[in-house]
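Participant: Questions regarding the structure given below will be posed in turn.
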Amino acid sequence: KPCPLCDEAKEVLEPYKRRFILQEVDITLPENSAWYDKYKYDIPVFHFNGKFLMKHQVDIQKFEDQLMKLELQND
């Protein structure tokens, strides 16, 4: 559904799209009700490698730090 905050976040992450896989979750779907209950007032929310990273907007420094750590571990 329309989510300008989500669209803005995806735009900020666009330059990194070759370095990670973005998995979007629509929290309004019935099968995602647990996410809805937890985050309905905090979108967008970002998890990185299965762990909570940030919410509301992209903290690009925090994202880059986590991405670099993961890339270094995988080398």
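Participant: Could you report the chain's accessible area per residue, 1.4 Å probe, as an integer in Å²?
Facilitator: About 82 Å² of surface per residue is accessible.
Participant: To the nearest 10 square angstrom, what accessible area does Glu14 show with a 1.4 Å probe?
Facilitator: The value for Glu14 is about 90 Å².
Participant: For Glu71 and His47 in one chain, what is 0.36 nm times their gap in residues minus the Cα-Cα distance, to one decimal in nm?
Facilitator: Net length gain for the segment: 7.0 nm.
Participant: Per DSSP H run of n ≥ 4, the term is -39500 (n - 2.57); total these for the chain, divide by its residue number, and report the mean residue ellipticity at 222 nm rounded to 500 deg cm²/dmol.
Facilitator: Rounded to the nearest 500, it is -13000 deg cm²/dmol.
Participant: Another one. Just the number, please: carbon plus sulfur as a percent of the accessible area of the chain, 1.4 Å probe, no ligands or DNA/RNA counted.
Facilitator: Summing carbon and sulfur atoms, their accessible area is 52 percent of the total for the chain.
Participant: For the chain, what is the charge dipole size about the Cα centre, in debye to the nearest 20, if Lys and Arg each add +1 at the Cβ and Asp and Glu each add -1 at the Cβ?
Facilitator: The dipole magnitude comes to about 120 debye.
Participant: Can you list residues from other chains, or at least 5 along the same chain, whose modelled amide H is less than 5 Å from the amide H of His47?
Facilitator: Amide H to amide H, under 5 Å and 5 or more residues apart or across chains, His47 pairs with Leu53.
Participant: Which value in Å is the Kirkwood Rh of the stretch 11-62 over different Cα pairs?
Facilitator: Evaluated over the stretch 11-62, this radius sits at 12.1 Å.
Participant: In whole Hz, what ³J(HN,Hα) sequence does the stretch 53-59 give by Karplus (6.51, -1.76, 1.60; θ = phi - 60°), x for Gly and Pro?
Facilitator: 3J(HN,Hα) across the stretch 53-59, in whole Hz: 10, 6, 8, 6, 8, 6, 9.
The values are calculated or read from the model by the stated rules, or taken from the named source; none is laboratory data. Quick caveat: nothing in here was measured; it's all calculated off a predicted structure. Cβ sites come from the backbone with ideal geometry, for glycine too, and all protein chains shown count toward neighbours. Accessible surface areas use protein heavy atoms only, side chains included; no ligands, DNA or RNA. Shrake-Rupley method; radii C 1.70, N 1.55, O 1.52, S 1.80 Å.
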